[in-house]
Structures are given as structure tokens and as C-alpha cells.
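The structure appears right after this line, and notes come after that.
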Amino acid sequence: MAQGFDLDNVDGLCRIDSTGMFAALEGLPAQCRSAYQDLAGQVELSEIEAISNVVVTGLGGSAIGGDLLRTYAAGRLSTPVIVNRDYVLPEFVGADTLVFAVSYSGNTEETLSAYGEARARGASIIVITAGGKLGEYAKRDGVPVIGVPGGISPRAATGFLFLPTLQVLQRLGMLPGVADEVNEMIGNIKELRKKLGPDAPERDNPAKGIARKLHNKIPVIWGTPGITGVVAQRWKGQVNENAKAPAYWNVLPELNHNEIVGFQFPLEILKRIHVILLRDGQDHPRVQKRFEITKKMIEDVVDGYTEVWALGEGILSRLYSLIYIGDYASVYLAALYGIDPGPVKAIDYLKKELQAGKDN
């Protein structure tokens, strides 16, 4: 099931997918609708008062929702949104901070630690989780909980882990007019699903085509500080977790001041790199020009490059169109490597060893 694997063999794709990653991708539009319309309505907001900053604390798939919130809010919210991937919180967190403590499993030790700090500092806290210790602690402490459905991988639950934060901020009057963008985004990815799903043939399927280009190559994914930087980070993580392969990401213009100089040696490795350029028509004009110059600088050095353009009008549509393409591509890449995209044995091993250290 390596180089010659037929990505149009739907039965074969299903056989290697023990945890239902393809089903989760197919269900993303419904997940997003439920997450926005239903889940955030569970939480009581009456005691949340003046907010000077918003912190989303989480790790891995549970943190990507915070990155999406930060990206979405950057151009329309005067209150700063910070994503925290650590055991400790920034020193500024206090009574005027709204903290979203996000852990799909509810057992992420870094998030549990940060939750305890947020409590000690008197921050307003909203927990997003499917259960675990975080759910137990929140119930014990009287902290509002947005309970998300369990049974899927955290990295497949971006709708559940992101859209409730938008709904909460909208209810607080901080992000008005979100509903129309959410509805547009859901309609956009429903249409995109027809082109990306297993039934869509490889010749017409952008995600299958990208997976084929990345097979036996080193993916390097580039975005921008606009909307595509967070997507580049997402693609990198999805290749890591789903395809069990290395990948790297960066953003323009920053990489034009350092990383681009590194495309000289060693040539045998550079020829194994395939660059993904995540493009958005609303990026700064100077960044658009930088993309064009940078393409010329690398085209004769690397294996090749592929441009992937954001689709849709609103920020959410453009964000999720790129996320959806990358998510599908990473699962198809797993198939080309003959690997089940679901299990993450390296992470499971690490957690087991950490727990053993606690118990000794």
C-alpha cells in the first residue's frame, strides 16, 4: 500500500481508517453547525463582567481553536486574544481576563495546571471539554462548562473546540454579526466536501493531488500573518499526526528575512522538499509580491511547490476552506504510506511515561 496505492479505492481507504477520520471529515459541516448553534447556549454568562484580555489555554488539537479565534478576532476585536500552550499562564492574567480552558479529553496535564492558576488569580473561566478531570474540576468549582461530544480525535474536533468561543464572545457583545459568516462557512465546506471526499476521483480531487505530491517528500508549508499562518501550522500538525511524517511551517514576510537563505545546502535534502504556498487574495499587496519573488527563488532548488488558494468571502470561509483541504490531504497521505491515520502511539507513549514519573 505504498507508491502505487489507489486513492480512488474507497473500500481500501476505509479499511486503514480504524478511528473514522474520513467520517469525521465528512461530518465537519454538521459539527460546525451544532457547535455554533447548540453548544455555547449551555453556558451561563451573567457573572462575566469587564474583560481586558482573552486567553485560550490548551495544547495540540485543543489549542488550534484558540489560534483560529485569535486570527479571526485580530481584525475586529480591540481586546487582545492570546493562546497559551503551557503549564503556567502569562503574568497579566487576572480578574479582568476571560480564560477558555480547552481540553477535548479533559486530561491534558498542562491545561489542568493552567486551569488551577486561572482559578487562583480570579479570572473568569469557561471550560470546553468532553469530560475527564477538567470537567470534574469545573463541576466541583462551579465553573461553566461547554460540553462537547466525545468519540473523535481532538484534531478532528475543530468545530466543537473553536466555534463555541465565537458564540460566547458574540453573546458578550464583543464579536457581533458572526452568525452570517458561520453560515457562509458551513455552506462553503459542504460544497468543497464534494471535491475532497473519497468518492471524488484523484484527477479532480485537490486533496488527493496534494497528498500524491507530498508522498516521500518533506512538506514545508508557508502562510502569512493574515489568515494562512494558523492554517500552515494546522497543516504541519495534521501531517505529523495523521501521516506520521515530518513537516515544517513558517510565514511570509518573516521567512524572507531568514529561512529563505537556507535554501542552498544540502542539495540532496532540498530536492526532497515540496513547498505548499497557502494563498489568500486578501493578503497585503507587498506580501503577495513577496510570494511571487520567493517562488522564483526556490523553484529550481526544491522538488516543487504547490499553491493552494483560500475559497469564499468571509474570514471563516477562507480559513476553513484551507483547513479542510489540508485535513483531507493529510489523511490521503497516510494512505499512501500505508498507515492508519487515527492512532498516535508516540503521544500515547509519552503520556504513559509522564504518568509513570508522577507515580514513582
query = Quick one: which of 107, 84 is over 27 Å from residue 229 (Cβ atoms), of a type outside the set (Gly, Ala, Ser) and within 21 Å of the chain's Cα centre (by Cα)?
reply = 107
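Is it fair to say residue 241 is assigned to a helix (DSSP H, G or I), of a type in the set (Asp, Glu), at pLDDT 95 or above and not assigned by TED's automatic domain parsing to the domain that holds residue 325?
So residue 241 fails the test.
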ask   = Is at least one residue of the stretch 21-38 in contact with a Phe, Trp or Tyr (Cβ under 9 Å, 6 or more places away or on another chain) and of a type in the set (Phe, Trp, Tyr)?
value = yes
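Within 25 Å of residue 17 (Cα to Cα) and surrounded by fewer than 17 Cβ atoms within 10 Å (Cβ to Cβ): is that true of residue 346 in this structure?
Yes, satisfied.
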message = Could you check the stretch 17-54 and list, in sequence order, the residues that are in a loop (DSSP other than H, G, I, E, B) and touching a strand residue (DSSP E or B) at 6+ places or on another chain (Cβ under 6 Å)?
response = 43, 48, 51
key: Residue in the stretch 210-221 that is surrounded by the fewest Cβ atoms within 10 Å (Cβ to Cβ), counting only those that are touching a Leu at 6+ places or on another chain (Cβ under 9 Å) and assigned to a helix (DSSP H, G or I)   = 212
request  = Could you identify the single residue in 342, 312 that is closer than 25 Å to residue 65 by Cα, assigned by TED's automatic domain parsing to the domain that holds residue 216 and assigned to a loop (DSSP other than H, G, I, E, B)?
outcome  = 312
message = Restricting to the stretch 175-196, and then to whatever is surrounded by 17 or more Cβ atoms within 10 Å (Cβ to Cβ) and among the hydrophobic types (A, V, I, L, M, F, W, C), can you tell me which residue is farthest from residue 98 (Cα to Cα)?
response = 196
key: Residues of the stretch 35-55 that turn out to be surrounded by fewer than 19 Cβ atoms within 10 Å (Cβ to Cβ), of a type outside the set (Gly, Ala, Ser) and under 16 Å from residue 175 (Cα atoms), as a count   = 6
Some residue of the stretch 271-282 being in a helix (DSSP H, G or I) and buried (at least 21 other Cβ atoms within 10 Å of the Cβ) = no
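The values are calculated or read from the model by the stated rules, or taken from the named source; none is laboratory data. Just so you know, these numbers come straight off a predicted model, no measurement behind them. Positions of Cβ are backbone-derived with ideal geometry, glycine not excepted, and every protein chain shown enters the neighbour counts.
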